[in-house]
1. Name every residue in segment A:76-89 that is under 14 Å from the mean Cα position of the chain (by Cα) and more than 7 Å from every other protein chain (Cβ to nearest Cβ), in order of residue number.
2. Failed condition for residue A:92, given (1) in contact (Cβ under 8 Å) with a residue 12 or more places away in the chain; (2) within 10 Å of another protein chain (Cβ to nearest Cβ), with all others met?
3. Only residues that are in a loop (DSSP other than H, G, I, E, B), free of Cβ contacts under 8 Å to residues at least 40 places away in the same chain, more than 9 Å from chain A (Cβ to nearest Cβ) and touching a strand residue (DSSP E or B) at 6+ places or on another chain (Cβ under 9 Å): list them for segment B:57-113, please.
4. I'd like to know if segment A:144-160 contains one or more residues that are surrounded by fewer than 20 Cβ atoms within 10 Å (Cβ to Cβ), modelled with pLDDT of 95 or more and either more than 17 Å from residue A:34 (Cβ to Cβ) or within 8 Å of another protein chain (Cβ to nearest Cβ) (or both).
5. Any chance segment A:111-118 includes a residue that's more than 19 Å from residue A:22 (Cα to Cα), at pLDDT 95 or above and either surrounded by fewer than 23 Cβ atoms within 10 Å (Cβ to Cβ) or within 11 Å of chain B (Cβ to nearest Cβ) (or both)?
6. Search segment A:130-143 for residues being more than 7 Å from every other protein chain (Cβ to nearest Cβ) and part of a helix (DSSP H, G or I), and hand back the single one that is nearest to residue A:107 (Cα to Cα).
7. Could you go through segment A:165-186 and let me know if any residue there is assigned to a loop (DSSP other than H, G, I, E, B), more than 11 Å from chain B (Cβ to nearest Cβ), crowded, with 19+ Cβ neighbours inside 10 Å and modelled with pLDDT of 95 or more.
8. Look at residue A:139 and say whether it is crowded, with 19+ Cβ neighbours inside 10 Å, under 24 Å from residue A:2 (Cβ atoms) and touching a residue at least 24 places away in the same chain (Cβ under 8 Å).
């Protein structure tokens with residue numbers, strides 16, 4: 001695992017973080033549930049909690065889908081290529097490429113959901129980008145969520161030991177959990193604990 | 001577009017699997033230091049985009065020591081055999097879809113055990 005330069009993290013007074021979706025995207029509840037599940041994966045192994053806000057105003061994290069140039073100097077490049085990017089704490093911007101074909105999976109942990117395809121598993125990307133929002137950089141461990149690349153058709157949503165060690169270096173473990181070492185799968189929950 | 005399940009994906013999406021701007025890098029396979037090949041400048045832009053090349057000089061189509069150093073670092077970060085060449089396994093990794101955040105910031109990589117690696121364009 002790695003960190004951003006200077007190892008930025010959310011301050012101690014900010015353990016309950018709110019997130020909101022850009023309203024112009026008009027995302028369905030199915031899409032929002034994918035993000036809720038993604039946040040839950042990080043909440044399970046840290047003292048952080050995530051709650052969805054209906055308003056951008058005051059939200060710690062803002063999530064939106066954009067195409068091409070979208071104002072942050074890091075334009076998206078159409079289908080495939082770069083899929084998403086996110087800021088380091090405490091900025092809280094998560095941008096996804098609106099030109100991708102996204103798969104809204106309803107759960108399951110299989111590593112390859114499809115043969116070679118240009119469809120990208122949204123939850124896999126969301127879990128990765130939330131790692132950035134919380135302060136993790138990229139990892140060289142291929143099984144880790146924070147590995148920078150993912151093939152179209154692949155699904156990788158479970159935090160690896162490397163991810164958990166990295167995030168717990170920044171925030172410590174979940175005081176109500178088991179540290180994430182042998183946590184049971186919560187794949188089939190409809191909304192997860194984050195929502 | 002959002003697809004709610006695998007069966008809702010049109011067959012065309014499977015056929016378009018290689019639709020990716022970075023696929024053009026595949027034709028650079030086998031390039032090595034000293035060569036001047038059309039397309040290497042785009043590959044240098046890719047490496048600059050993800051932090052492997054720093055500096056503001058124009059990217060050229062020369063396979064120079066800057067590019068070789070960037071490839072070495074990339075191969076280290078992605079657990080590939082460090083050859084400094086554009087071999088097939090390196091190119092397969094390069095063209096994969098990926099996160100837009102850089103792997104290196106200010107020329108420093110903390111990937112792969114925190115090894116400090118630096119590449120500067122001259």
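The values are calculated or read from the model by the stated rules, or taken from the named source; none is laboratory data. Keep in mind that this is a model prediction, so the values were computed, not measured. In this analysis, Cβ positions are derived from the backbone assuming ideal geometry, glycine residues included, and neighbour counts consider all displayed protein chains.
1. Initially, segment A:76-89 is screened for residues under 14 Å from the mean Cα position of the chain (by Cα), giving A:83-89.
Of everything in segment A:76-89, those that are under 14 Å from the mean Cα position of the chain (by Cα) and more than 7 Å from every other protein chain (Cβ to nearest Cβ) turn out to be A:87, A:88, A:89.
2. If we test residue A:92 against (1) in contact (Cβ under 8 Å) with a residue 12 or more places away in the chain; (2) within 10 Å of another protein chain (Cβ to nearest Cβ), just (2) comes out false.
3. B:60, B:61, B:63
4. Yes, some residue in segment A:144-160 is surrounded by fewer than 20 Cβ atoms within 10 Å (Cβ to Cβ), modelled with pLDDT of 95 or more and either more than 17 Å from residue A:34 (Cβ to Cβ) or within 8 Å of another protein chain (Cβ to nearest Cβ) (or both).
5. no
6. Here the residue is A:130.
7. For segment A:165-186, residues assigned to a loop (DSSP other than H, G, I, E, B), more than 11 Å from chain B (Cβ to nearest Cβ), crowded, with 19+ Cβ neighbours inside 10 Å and modelled with pLDDT of 95 or more: absent.
8. Yes; evaluated as a whole, the condition is true for this residue.
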